[in-house]
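Contents: one structure, followed by commentary.
The values are calculated or read from the model by the stated rules, or taken from the named source; none is laboratory data. In this text the structure is predicted, and so the values were computed from the model without any measurement. Neighbour counts are summed over all protein chains in view; Cβ atoms, including those assigned to glycine, are modelled from backbone coordinates with ideal geometry. Accessible surface areas use protein heavy atoms only, side chains included; no ligands, DNA or RNA. Shrake-Rupley method; radii C 1.70, N 1.55, O 1.52, S 1.80 Å.
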Amino acid sequence: NSNSNSSNSNSNSNNNSSTSSSNSSIGRVDVPRAWLAHFEQPCIHLSAEAAAKILGFPGEKELKRFAGPLLKKSDEEPLGSFVGPLLFKRLVVLASSKTAQAGKMMEELLLGRDFISLPSQPLPAKGAVGRWPTAIPDEVGMDKLPFDRLRNYFEWRTRMRHFAGITCGIVKNGHLVYYQESGYANVETKTKMATDSIVRLFSMTKCLVSAAFMTYYEEPQRGIDLDDPVSKYLPAFAQSSMSVLPKRGQRENQPLDRPITLRQLLTHTSGIGYGATLDDPWPPQKGSYYKIYEDICEETKDGRIKNLEQWCNALAKIPLKGQPGQMWDYSYSLDVLGRVLEVIANKPLDVIMEERLTGPLKMRDTGFVVPKDQAHRIGPWYKSVEVEGKPNVAHQLEVVDKGGEASGWVGANASSVLSAGGTLEVPLAMKGGMVSTFNDYLRFLIMLRNYGELDGVRVLKRETVQLMIANHIPAACNGKKTVFVFDKPGVGYNLLGQIQSSHPKQDKGTVSGEYGWGGLAGPAFTIDPRADIIVLSMTQTAFVLDHEEYLRYAGRRAIHQYFYGSVAAPNKATSYPPEVFEALKPKPGDNGKESDKEFEEEYRTARLTRSKTAKERAILPGARLDRHPSDDADVAMGSLEGAASAPAEDGEGTPVAKRRKSVVQVPKATLSTSPVAQQTPTRPPDPSKPQEYMFRRVTVPGEAPSQGPEAPTPSAQKARVTGHDGEMLEVITEGNWQRQQVHVKDLSLIDESHFGSASLVANAPKEFPMPGSQSKDKA
């Protein structure tokens, strides 16, 4: 059975929790969202003593004396030491006529509109939850041979200590079809890597914070717009009080052309930069791209900066690396968004994450701090170091952060600044972001796969998730389509990570529409909505993310081989249709029993020829190639300067493609819009032809909050045109996703026409043609 290991691990994980088998049968109860703050998260219970105080009783004894007879009379279980949501709701009803506090909560229960679904009974505090369904590969249209080979390959990689341990899996059509545990979470104590091993997320925290933010965004009463200036929530980021590093030939910092928006924070296009990562020299060398963040990193490490508010106020005083919306630059932007969340909710970020995401999704081991009683579940964070001159010898594992109670994420050791994954302290004391487990994070990814829902609990609207997974780079970068993430052709950025669009130079093995991200400590994921695949791979070894790529490629090859059989294709070149390759008879090695020598050769070849993914470039030390325009933008600028035939060079003769980020390079030709867009502006739609407004983004009058002669002027709402009937247009408003009929004269167009087109027409994304695009192309 090709899924035997998956099934065994599934049963083993269930053994970790004595109630896992019964969790699936536990009912759920709706309670006002405001009540969630009373419960111990993510255990979903509170003590009887705490319940007594909340309900207005002097103590636990008084509550039991009052409620005990009533519960017994209705044949309900007696009040014990802990109270779950269902019993607490019952106690509110019983005590509503007894105490004022319970009476007020009864009003919230009867009149409230914002409810959340919680498990009716108290849940175990830690460990695995009831698991997702599994399937053998054949049941979902996948061949098992690529998985057999991958299993052996990962076993060899762990023996070679390329990573200490790994836990990984593939979900197809909502079913876990492949799962593997290999190696150790703690090499010294021989603790096996498992689904409930606690791992450091680092930048994969950003995805969680982004999702939590969108739960507030989709609430119409909050009036949040992705194009709101950040200064609406954080005055320190006002346009007038910030500056940008000088361009070449300038001596002074420059003013901002426009304010930073929330969308630019979500997509790393704000102009904010990033500090040092692991193995970057410290103190920073002169000219280092992170030199300007030296002081803020030292102040955070020394404890002079004590919380996220102070950290953001200090960050706002540091000049931006570039104008907002000018380029994509991996940054501290999501950490700033975490502070925006705190202002919106008026709560600390850790409480927000529990209330809005980890609690409802039962991600019980996901948080900013590992409790001391669970410290044994977090192993060391390693770095794999090759023995000099001996690539075929097992690597050495160096400890970056100790495991157990000595870890920088356990108890009082954890950073007081709740970052969204950014490394806020110097490389010698690397901390930042949340911790999680394979179990927990896969629940989050399956929620995204289900467009906002998991186990009957909806945390995001379907439309919100659809908005999150779309490429936002053009909208965030003033319409430029030539901005790519880390200069990777066709790689854009949505609100969760990188997203691949169709491009003739895209990396082999990538598929348009897939999105995902990774973290410094070794975890990474990819979701492909079209193929309905989720890939999650977790290690605790710094800088090593290629395991997720191998896992992803094995999944795609398994799909191809199921339909077409073995083909003469490289193991990883699976983005191409199998029919382009010649058919061949299965080789002896196709049974998944390749020798270590074959794996060594494959690994050696990959090291020499493999292109680093955007996920990997985000975590590697040294200069980062993320500030430069793409190939087609370079060609366009070169033609304007008469230098298209030769590689552009800076003052020191360095080719554009090899410039270090530490040198602030600004081309003579502005990048606010593409040159082609400047030469051929798009004609606005004709009001006499309403069909030209189809699928355009517009503003429509909103409803006034009250009626009467002194009612305020209705606020405008952003919307998308989805239909027309004569002069009446059908629109769907953003945020509350309501369908409206609006007269063409009552709306105004949001200018997205300066998207333009790339100078190399073949490079423009074209997998989602819109109605009428064929006629435009001909024109």
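Observations on the structure shown:
- A single member of SER416, SER384 is of a type in the set (Gly, Ala, Ser) and in contact with a His (Cβ under 7 Å, 6 or more places away or on another chain), and it is SER384.
- Output for region 216-239, where each listed residue is open to solvent by 30 Å² or more (accessible area, probe 1.4 Å), touching a helix residue (DSSP H, G or I) at 6+ places or on another chain (Cβ under 9 Å) and assigned to a helix (DSSP H, G or I): ARG222, SER231, LYS232, PRO235, ALA236, GLN239
- When PHE57, PHE88 are checked against the criterion of being open to solvent by less than 30 Å² (accessible area, probe 1.4 Å), modelled with pLDDT of 90 or more and either touching a His at 6+ places or on another chain (Cβ under 8 Å) or on the phi < 0 side of the Ramachandran plot (or both), PHE57 stands alone in meeting it.
- The sole residue among GLY389, GLY359, GLY404 that is on the phi > 0 side of the Ramachandran plot and open to solvent by less than 40 Å² (accessible area, probe 1.4 Å) is GLY404.
- ASP507 on the phi > 0 side of the Ramachandran plot, open to solvent by 20 Å² or more (accessible area, probe 1.4 Å), more than 17 Å from the chain's Cα centre (by Cα) and among the charged types (D, E, K, R): no
- Residue match in region 73-83 (condition: at positive phi, at pLDDT below 80, acidic (Asp, Glu) and surrounded by fewer than 17 Cβ atoms within 10 Å (Cβ to Cβ)): yes
- ASP350 vs. criteria in contact (Cβ under 8 Å) with a residue 60 or more places away in the chain, of a type in the set (Asp, Glu), closer than 21 Å to TRP409 by Cβ and open to solvent by 10 Å² or more (accessible area, probe 1.4 Å): yes
- Screening ARG377 with (1) closer than 28 Å to LEU266 by Cβ; (2) out of contact with any Cys (no Cβ under 7 Å at 6 or more places or on another chain) gives one miss only, at (1).
- Failed condition for GLN500, given (1) without any contact (Cβ under 8 Å) to a residue 24 or more places away in the chain; (2) surrounded by fewer than 23 Cβ atoms within 10 Å (Cβ to Cβ): (2)
- Scanning region 456-476 for residues that are open to solvent by 20 Å² or more (accessible area, probe 1.4 Å), within 21 Å of GLY271 (Cα to Cα), of a type outside the set (Ser, Thr, Tyr) and touching a Pro at 6+ places or on another chain (Cβ under 9 Å) turns up at least one hit.
- Boolean, ARG200 is of a type in the set (D, E, K, R), open to solvent by 30 Å² or more (accessible area, probe 1.4 Å), within 30 Å of VAL385 (Cα to Cα) and in contact (Cβ under 8 Å) with a residue 24 or more places away in the chain: no
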